[in-house]
Amino acid sequence: MSHWESLVRKRYSNILTLTGKQKRYLRGLCHGRRPVVTIGNKGLNDNVVAEIEGALSHHELLKIKLPALARQERDRLLASVCAATGADLVQTLGRVGVIFREAEPPVIQLPV
């Protein structure tokens, strides 16, 4: 278990699991947005995680631009971002990933 995963288990005990309908809705909302965070070639570190945390608490729905890596490595990188922040992966399209984490109080109302 990594350092970030242990923090997430303590902090986010009730992580939301998105349904297909909710993911489709979030993809529609995120279509016109630009990436807020760019992860460089050095990968994920504490500063990047802190930046993503701040952006998620403000926006809830976030586009992240990923480095030019193989697809499996990008998928692993997004999985560790989600594990580190307690967010759900909405979509991966090329070098861009979309993640969502509900804020307190929720800004985006998800369909049921």
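Pull out a ≥ b ≥ c, the square roots of the eigenvalues of the alpha-carbon gyration tensor of the chain, then state rounded if a/c is under 1.5, prolate if not and a/b is larger than b/c, and oblate in the remaining case.
In terms of gyration-tensor shape, oblate.
In terms of packing, defined here as the mean over residues of other Cβ atoms within 10 angstrom, the peptides 57-69, 90-102, 36-48 line up highest first as 90-102, 57-69, 36-48.
Taking only pairs that are 8 or more places apart or on different chains, how many Lys pairs in the range 3-100 have Cα atoms under 20 angstrom apart?
Eligible lysine pairs with Cα atoms under 20 Å apart amount to 5.
Between residue 68 and residue 38, residue separation times 0.36 nm minus the direct Cα-Cα distance comes to 9.7 nm.
Any read-out appearing in this document is the output of simple, stated calculations on the displayed coordinates, not a laboratory observation. For clarity, every value in this text was computed on a predicted model and none was experimentally measured. Methodologically, a virtual Cβ is constructed for each residue, glycine included, from the backbone with ideal geometry; neighbour enumeration extends over all protein chains shown.
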